[in-house]
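The values are calculated or read from the model by the stated rules, or taken from the named source; none is laboratory data. All values reported here derive from a predicted model rather than from experimental measurement. Cβ placement follows ideal geometry from the backbone for every residue including glycine, while neighbour counts extend to all protein chains displayed. Keep in mind that these areas ignore ligands, DNA and RNA; they rest on the heavy atoms of the full protein, side chains included. Shrake-Rupley method; radii C 1.70, N 1.55, O 1.52, S 1.80 Å.
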Amino acid sequence: MSHKKVTKIGVLTSGGDSPGMNAAIRAVVRTGIYHGLEVYGIMRGYAGMLEDDIVLMDTRSVANIIQRGGTILKTARCKEFMTPEGRQKGYDNLKKRGIDGLVVIGGDGSFRGAQIFSHEFDIPCIGLPGTIDKDIAGTDFTIGFDTAVNTAIRAIDKIRDTMEAHDRLFIVEVMGRDAGYIALYSGIGTGAENILIPETKTDMNEIIASLSEKEKRRKLVNLIVVAEGEEFGGAQEVSKVVKEALPKADVRVCILGHIQRGGAPTCQDRLIASHMGYYAVESLLVGRSNVMVGVINNKIHYTPFDKAVKEKQRIGQEWMRIVKILAS
Ligand code: F6P
């Protein structure tokens with residue numbers, strides 16, 4: 001806990017954008033102003049901090065954004081912030097405005113930067129998990145995950161229509177970086193026959209055996225959802241193996257890509273973003289620092305940056321067993 005009282009705070013979004021970031025910015029700005037703080041928006045993440053692209057915000061500057069995807073503050077990945085000189089530049093720009101607290105909305109890379117910065121310059125930093133990947137420990141959900149999964153299932157449902165019409169085998173690749181959560185949730189939600197994720201070993205021989213057994217009994221419609229970080233190297237690679245083993249199968253690949261990052265946030269993402277944003281400011285006011293605000297079992301939970309960054313959420317084996325049973 002820090003004993004210095006914060007009076008002016010900065011908020012930034014960093015790393016890949018995620019739906020709900022705007023709702024979080026709105027909550028931070030309005031809670032800050034409610035408590036009599038000055039709130040500054042730092043543009044393009046740490047890049048804007050270094051380049052002195054920092055704007056004073058008021059309650060109107062966050063009007064009409066809760067329903068919008070992307071981030072009004074824009075976002076970037078900033079290599080210079082990884083250097084001591086870069087961070088010094090950033091600190092000087094905060095200092096000249098008297099900014100004495102920071103809210104960082106982003107993923108693990110953004111928290112790593114915040115942690116070093118906070119130690120070097122004694123500026124309290126609070127993190128909010130903003131990523132579609134749900135790859136951060138200390139929270140049941142990250143801001144944007146629910147929207148991304150819902151976008152994925154709507155797209156896959158459409159694929160299923162044409163897949164059924166043509167008796168095809170579809171291999172759909174979803175995002176998630178090194179995590180398989182989007183694949184797991186969207187695969188279960190669309191009744192996928194197979195879900196391939198980085199967290200579990202993929203037995204391709206077993207998958208081929210089951211597909212060829214299905215081919216024999218004329219079950220030709222099959223959906224395989226693949227996480228981009230899966231060991232085979234994505235949907236294209238999986239499709240090569242499947243096509244080789246099952247030359248008669250009518251195989252198609254669809255990579256959903258960045259559509260998963262955009263669009264209006266779901267109600268759940270707006271809610272958690274608002275909840276977390278409010279508690280980010282409350283945390284700075286009571287002297288917390290170097291923690292990420294998460295939600296576990298619907299309750300606010302604080303996780304030190306090191307832990308949020310190092311530990312990943314675990315996918316229980318139970319889910320994979322259920323997938324197999326439901327897909328038979
Ligand atoms: O972390 C969010 C994410 O969308 C990942 O799922 C994906 O691997 C990556 O970002 C894509 O990054 P970029 O937009 O830089 O291509």
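What you get for segment 146-261, charging only the Cβ of Lys and Arg (+1) and of Asp and Glu (-1), is a dipole of about 420 debye around the Cα centre. Straight-distance candidates among the lysines for linking to residue 214, with alpha-carbon spacing under 24 Å and chain neighbours fewer than 8 residues away dropped: 158, 201, 240, 243, 248, 324. Of the whole protein surface, residue 158 contributes about 140 Å² of accessible area at a 1.4 Å probe radius. Pairs of Cα atoms under 8 Å, at least six residues apart: use those to get the relative contact order of segment 155-258, whole percent. With pairs under 8 Å counted, the relative contact order is 42 percent.
Across 87, 314, 288, the residue with the most accessible area heads the list, and the full order at a 1.4 Å probe is 314, 288, 87.
Once the Cα atoms are used to define both axes, helix 235-245 deviates from the longest principal axis of the chain by about 10 degrees.
Relative contact order, percent, of the chain when contacts are C-alpha pairs under 8 Å separated by at least 6 residues? Let's see the in-between values first.
Numbers: 722 pairs, mean separation 80.2, N = 328.
Relative contact order comes out at 24 percent.
Take every DSSP beta bridge with both residues inside the chain and express the antiparallel ones as a percent of the total, to the nearest 5. For the chain, the DSSP antiparallel bridge percentage is about 25.
In this rough spin-label picture, where each label sits 7 Å from Cα along the Cβ direction, the residue 64-residue 116 distance is 4.0 nm.
Cross-link partners for residue 8 among the lysines, with Cα-Cα distance under 18 Å and sequence neighbours closer than 8 places in the same chain left out: 95, 96.
Averaging the Cα positions of each part gives two centres, and for segment 93-162 and segment 183-224 these lie 31 Å apart.
Positive end of the dipole of the chain, charges at C-beta (+1 Lys, Arg; -1 Asp, Glu), about the Cα centre: which of 114, 128, 36 has its Cα farthest in that direction? Ranked along the dipole, the leading option is 36. About the centre of its Cα atoms, the chain shows a dipole size close to 500 debye [charges on the beta carbon of Lys, Arg (+1) and Asp, Glu (-1) only; nearest 20 debye]. Accessible area per residue for segment 1-45, computed on protein heavy atoms with a 1.4 Å probe, is 35 Å².
Given a 1.4 Å probe and the protein chains as shown, residue 301 ends up with an accessible area of around 80 Å². Farthest toward the dipole's positive end in segment 136-239, which of 205, 234, 142, given Cβ charges of +1 (Lys, Arg) and -1 (Asp, Glu) about the Cα centre? Going by the charge dipole, the pick is 205. For residue 328, neighbours were defined as the other residues whose beta-carbon sits under 11 Å from its Cβ, and their charges (Lys and Arg +1, Asp and Glu -1) total +1.
Relative to the longest principal axis of the Cα atoms of the chain, the long axis of helix 204-216 lies at roughly 50 degrees. On the beta carbon distance between residue 85 and residue 320, with R0 = 41 Å, the FRET formula returns roughly 0.30.
The listed residues 285, 211 rank as 285, 211 when sorted by accessible area, largest first, using a 1.4 Å probe.
Would you mind counting up the charge near residue 161? Only other residues with Cβ under 12 Å from its Cβ, with Lys and Arg at +1 and Asp and Glu at -1. With Lys, Arg at +1 and Asp, Glu at -1, the net is +2. Highest mean packing comes first when the peptides 200-209, 258-267 are listed by Cβ atoms within 10 Å, giving 258-267, 200-209. To put it simply, the accessible area of the chain at a 1.4 Å probe is 52 percent carbon and sulfur. Of the residues 223, 50, 194, the one whose Cα sits farthest toward the positive end of the charge dipole of the chain, with +1 on the Cβ of Lys and Arg and -1 on the Cβ of Asp and Glu, is 50. Summarising the label geometry, the points placed 7 Å from Cα in the beta-carbon direction at residue 97 and residue 250 lie 5.8 nm from one another.
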